[in-house]
Amino acid sequence: MNPIGIFGGTFDPIHFGHLRTAFELLQALRLTEMRFMPAGNPPHREMTVASSEERLAMVRAATEGQAGFVVDDREIRREGLSYSVDTMRTLRADFPERSLCLIVGMDAFLGLPKWHQWRELLELAHLVVAHRPGWRAPSMGPLGELLVDRGTGRINDLHESKAGCIYIHAVTQLEISSTEVRKSIAAGRDPRYLMPDAVRAYIGQTGCYRPKR
């Protein structure tokens with residue numbers, strides 16, 4: 001099925017926490033590629049600080065040269081709210097015979113029942129839940145029932161079917177927060193070692209996180 005990973009987020013800005021998670025999952029799940037998908041107008045988040053064009057440019061700078069990393073700008077190009085189910089429908093149309101693996105964090109997974117048309121996601125893709133070591137998945141409620149029905153511990157299940165499974169995988173958690181990175185930059189501090197140098201250089205050139213005068 002040549003599985004494709006879908007790694008979405010506001011990436012405001014992208015940092016090593018995002019990149020390390022994506023890289024570990026690319027290798028561990030034997031994905032053909034990992035698609036970084038900057039959010040356009042996410043319904044459950046506050047407005048981004050950097051513009052869509054700036055966030056897209058930073059993602060491209062961060063992923064350039066890494067085999068298997070691909071940048072997908074479809075959410076930024078789309079008008080209106082960016083619902084995950086709509087994005088996955090377009091990806092399924094583009095890749096009708098491929099396995100699609102939507103990457104979500106544990107926090108996002110716990111909030112899944114609040115997502116727009118969330119049950120349809122598993123008809124379109126697998127869900128891969130990236131979590132920090134030691135966290136426990138829910139065992140009760142709608143998500144607990146969903147894990148009983150759809151959960152798998154076999155990576156091969158992601159390769160042998162196009163959609164429908166939930167796979168939970170522990171990844172290295174680098175305690176980097178985009179919010180704190182923005183605050184640090186706004187305060188005049190250097191974000192070196194929190195992100196690739198190409199992203200740091202772009203932020204310095206554009207001043208996208210400097211306080212507006």
Kindly indicate the residue of segment 117-157 that is within 17 Å of THR21 (Cα to Cα) and among the aliphatic types (A, V, I, L, M) and also surrounded by the most Cβ atoms within 10 Å (Cβ to Cβ) among those meeting that condition.
VAL128
Quick one: how many residues across segment 21-63 are more than 14 Å from the chain's Cα centre (by Cα), among the acidic types (Asp, Glu) and farther than 16 Å from GLU79 by Cα?
2
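Only one of LEU174, LEU121, LEU102 is in a helix (DSSP H, G or I) and hydrophobic (A, V, I, L, M, F, W, C); which?
Values: LEU174 fails: in a helix (DSSP H, G or I); LEU102 fails: in a helix (DSSP H, G or I).
Of LEU174, LEU121, LEU102, the one residue that is in a helix (DSSP H, G or I) and hydrophobic (A, V, I, L, M, F, W, C) is LEU121.
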Of the numbered conditions (1) assigned to a helix (DSSP H, G or I); (2) closer than 20 Å to LEU102 by Cα; (3) out of contact with any Asp or Glu (no Cβ under 8 Å at 6 or more places or on another chain), LEU56 fails exactly one; give the number of that condition.
(3)
Name, by its number, the condition in (1) of a type in the set (A, V, I, L, M, F, W, C); (2) touching a Ser or Thr at 6+ places or on another chain (Cβ under 7 Å); (3) surrounded by fewer than 22 Cβ atoms within 10 Å (Cβ to Cβ) that does not hold for PHE36.
(3)
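Could we say that ILE203 is among the aliphatic types (A, V, I, L, M) and farther than 30 Å from ALA93 by Cα here? Can you show your working first?
On the way: among the aliphatic types (A, V, I, L, M): yes; farther than 30 Å from ALA93 by Cα: yes.
So ILE203 passes the test.
Please state which one of ARG200, ARG210 is assigned to a helix (DSSP H, G or I) and free of Cβ contacts under 8 Å to residues at least 40 places away in the same chain.
Working: ARG210 fails: assigned to a helix (DSSP H, G or I).
Testing whether each residue is assigned to a helix (DSSP H, G or I) and free of Cβ contacts under 8 Å to residues at least 40 places away in the same chain leaves just ARG200.
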Of (1) at pLDDT 95 or above; (2) outside any strand (DSSP E or B); (3) closer than 29 Å to ALA198 by Cα; (4) open to solvent by 40 Å² or more (accessible area, probe 1.4 Å), THR90 satisfies all except one. Which?
(3)
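Filtering segment 158-194 down to residues that are of a type in the set (Asp, Glu) and within 30 Å of LYS212 (Cβ to Cβ), which residue is surrounded by the fewest Cβ atoms within 10 Å (Cβ to Cβ)?
Step one: filter segment 158-194 for residues of a type in the set (Asp, Glu), giving 160, 175, 180, 190.
Applying the additional criterion that residues be within 30 Å of LYS212 (Cβ to Cβ) yields 175, 180, 190.
On the way: GLU175: 7, GLU180: 13, ASP190: 10.
Here the answer is GLU175.
So that you can scan it fast, the table gives a plain yes or no per residue for (1) touching a residue at least 60 places away in the same chain (Cβ under 8 Å); (2) farther than 25 Å from LYS162 by Cα; (3) open to solvent by less than 20 Å² (accessible area, probe 1.4 Å):
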position: ASN2; (1), (2), (3): yes, no, no
position: HIS15; (1), (2), (3): yes, yes, yes
position: SER51; (1), (2), (3): yes, yes, no
position: VAL59; (1), (2), (3): no, yes, yes
position: PHE69; (1), (2), (3): no, no, no
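Suppose we filter LEU100, LEU25, LEU110 for residues that are closer than 19 Å to VAL129 by Cα and either modelled with pLDDT under 95 or of a type in the set (D, E, K, R) (or both); which single one remains? Steps first, answer last, please.
On the way: LEU100 fails: either modelled with pLDDT under 95 or of a type in the set (D, E, K, R) (or both); LEU25 fails: either modelled with pLDDT under 95 or of a type in the set (D, E, K, R) (or both).
None of the others qualify; the one that does is LEU110.
The values are calculated or read from the model by the stated rules, or taken from the named source; none is laboratory data. Source: prediction; values computed, not measured. In this analysis, Cβ positions are derived from the backbone assuming ideal geometry, glycine residues included, and neighbour counts consider all displayed protein chains. Side chains are part of the model used for accessible areas, which takes the heavy atoms of the whole protein and leaves out ligands, DNA and RNA. Shrake-Rupley method; radii C 1.70, N 1.55, O 1.52, S 1.80 Å.
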